[in-house]
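Nothing in this text is a laboratory measurement; each read-out follows from the coordinates by a stated rule. These figures come from a predicted structure and were not determined experimentally. Reconstructed Cβ throughout: ideal geometry from the backbone, glycine too, with neighbour counts over all protein chains shown.
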Amino acid sequence: MRAIISVSDKSGVADFAQGLRELGIEVFSTGGTKRSLEESGIKVHSISELTGFPEILGGRVKTLHPAVHGGILARRDLPEHLAELDQNRIGTIDLVVVNLYPFVETVTREGVTLDEAVENIDIGGPTMIRSAAKNFFSVLVIVDPADYDQILQKLRQGPMDIEGRKRLAQKAFQHVAIYDTAISQYLREEDLPEEMTIALKKAYALRYGENPHQNAAFYVEQDVRQPQAGFASLVHLGGPEISFNNLLDFDAALNVLSSFSEPTVAVMKHTNPCGLACSDNLAEAYLRALSGDPVAAFGGVVASNQVIDSATAQEIDKSHYDAIIAPDYESAALELLGRKKSLRLVKIPMSSLPAQYLDFRCVRGGFLTQTPDFFTESELQPRTVTKRQPTEKELSDLVFAWKAVKAIKSNAVVIAKDKKLLGMGAGQPSRVVSVELALKKAGEEAKGSVLASDAFFPFPDGPELALKGGVSAIIQPGGSVKDDDVVEVADKYNAVMVFTGTRHFRH
C-alpha cells in the first residue's frame, strides 16, 4: 500500500505517518510536510519520485500529474484501468492525507493583500481530495487530524469497511466545499449574486428543537468577512445546556439591544420583548423593564447591553428566568446568579454583532435572503405632520418606541412612556387589534404615553382608538392613501403624529 501525505495543519501527522509505516504502508510527501516528517525521523519519499518531475512554479505544481491522479483514480475492479497503469508504469495510491492552505486564516489577518490571499488558494490539495473521495471504494481520504487515531486503529484490525470509507469521502467533499465557499466569499462583491453557497460548521447538538420530538443542532456560519461574528462569540458560563428556543430568544434580544447605546434591559418571551426599558442605571433599567409585564416575564430571557453588576444581579435573582445574556458579568454578580442551577448564564460582546450580514430564512425548497433591516438617519429625525409639535420628552419617547417596535412581530404596535415599554400588540392580522392589546396591557399608564406602529395605519380607526385611550403622540411610517384622514384625527385630539418614511415589518 502507498499513501500521499501533504498537509498544512501538521498537528499529529508525524505519529500518524509513523503508524502507517509500522503497517508497511509506503509514504510519499511534498515540500514542507516531507521536511517535517523527516525531522521527526520518519522515512518518506518525495512526490517527485512518483512523478519523475520536480516541483515547479514555486510549489504551485507538485501533485498535478497522471502518476498521482492515475494512481488515485484507477478503479481496481476494472482490468483495463489496471492494465493502463501497468502500461504507463503507474502504481496505485491507496491513502490520501491532505488538509489545505490556511486561506481563511490568511484573509482574516489585518492588512492582508489580494496577492497574499490568491497565493493561499490551494489547487493541488483540493484536486487530490476530490480524486480520492471520488474513488472511495478503493482509496481512503483523510482531511481531519482528529480522525488519525481512529483510522489507525481500524487499519490495524484490517481493511476499512465501505461505510467508513463513504463517511470519510463525504467529509472530504464537504471540507473542499467549505474551502471553496470561503474563497468565493472573499472575492464576492455583490450582496445577492446569481449563485451562492453558505458554509456551516456544527457548534454543538441541541437536546431538541422547538418541541421535544424535533432533532436540532446549532451551526455557526463560516464567513471570512466576519469570522467571529454573532453567536460564534457566545460563551456559556453556567446553567443547563442552551436550547433551540434560548438561541432564538438570544437572537431576538440582540436585535433589540443593538438599537440602544444607553443602559438597556429587555425581557424576552417567544422572541418578543415583553419588557424593555432604558435608564442611566442598569438595575433601574431592569426593574422598569420587569414592571412592564412581570407576569409574562416569568421563565423568560433577560438581556442587557451592559455588564451585569452586583446590584442588577440582586434584583434579577428575585425572579425566575430561563436565561440571561449580557456582554459580561461582575464576579459577584456571576457568583450570585450561578447559584441557580436552572439559570443559563451566557455572555457575548456587543462588538461581535455584525453590522452587515445577509438574513436567510428557510422556506420549503429554498431560502429567502435579504440585507439587514437597519435604521436610517432620517427616520430617527421624524417629520411632524400634525399642527402640534412634540415636546422634547415626547420626541425622546417616540424614538424609544420606534426602536422597540422594529424588534416586535408584525403587525406591531408599541405603547411607551419614559423610555419604558408599557404594552404591545404583536403578530396580529389586524393593526386595530394590536392597538387594543397594547392599550389593555398599558392600562392606566397609557395616559400621556406615545405609540409606535411598524407600518402605516391604513385607516383612522387605529389611531383614534389609541388617542381615546390616552396616547398623546404617534410615530409611524406614513404612506397610506388615508394619511390625510389619519392626521386629521390626530389634530382633532390635539395629538402629535410624526412620519418616518420607513417601514419595519418583522414577519
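Coupling constants for region 369-381 follow from the phi torsions by the Karplus curve (6.51 cos²θ - 1.76 cosθ + 1.60, θ = phi - 60°), and in residue order they are 10, 8, 6, x, 7, 9, 7, 8, 4, 5, 6, 8, 10 Hz; glycine and proline get x.
Label point 7 Å out from residue 200 along Cα-to-Cβ: which residues of region 138-174 have amide N under 19 Å? Answer for this model: 170-174. Exceedance of the 25 Å cut-off in Cα-Cα distance is limited, within the set 420/482; 201/341; 269/468; 341/440; 406/447, to 420/482; 201/341; 269/468; 341/440. From most to least packed by mean Cβ count within 10 Å, the peptides 275-282, 147-154, 488-495, 358-365 give 275-282, 488-495, 147-154, 358-365. Quick one: pull the percentage of alpha-carbon pairs in region 237-352 with a separation above 18 Å. That tail contains 41 percent of the Cα-Cα pairs. Restricting the GluC sites (Glu not before Pro) of region 332-422 to loop positions (DSSP other than H, G, I, E, B) with no more than 14 neighbouring Cβ atoms within 10 Å leaves 377. Working ranking of peptides 75-87, 434-446, 34-46, 417-429 by packing, defined as the average number of other Cβ atoms within 10 Å per residue, highest first, is 417-429, 434-446, 34-46, 75-87. Straight-distance candidates among the lysines for linking to residue 340, with alpha-carbon spacing under 19 Å and chain neighbours fewer than 8 residues away dropped: 318. Which of the aspartates and glutamates could a cross-linker bridge to residue 393, judged by Cα under 15 Å and excluding same-chain residues fewer than eight apart? Straight-distance partners of residue 393: 418. Each peptide among 93-106, 199-212, 339-352 gets the average number of other Cβ atoms lying within 10 Å of its residues, and from highest to lowest they stand as 93-106, 339-352, 199-212.
Full extension of the chain between residue 295 and residue 315 gives 5.6 nm of extra length, using 0.36 nm per residue less the Cα-Cα distance. The orientation-averaged shadow of the Cα convex hull for the chain, equal to a quarter of the hull surface, comes to 30.0 nm².
Length gained on full extension, residue 216 to residue 153, computed as 0.36 nm times the residue gap minus the Cα-Cα distance: 19.6 nm.
Of the listed pairs 417/441; 10/134; 43/166, which have alpha-carbon separations greater than 22 Å here? Pairs exceeding the cut-off: 10/134; 43/166. Distance between the C-alpha centres of region 16-61 and region 83-126: 14 Å, rounded to the whole angstrom. For region 369-460, dividing the convex hull volume of the Cα atoms by the residue count gives 115 Å³ per residue.
Treating each Cα of region 115-183 as one equal point scatterer and applying the Debye formula with no solvent, the log10 of I(q)/I(0) at q = 0.13, 0.15, 0.19, 0.20 Å⁻¹ comes out as -0.41, -0.52, -0.76, -0.82. Relative to one another, the C-alpha centroids of region 477-493 and region 261-309 are positioned 33 Å apart.
For region 2-187, the pair-distance distribution built from all alpha carbon pairs, in bins 5 Å wide starting at 0, is 1, 8, 16, 20, 21, 17, 10, 5, 2, 1, 0 percent.
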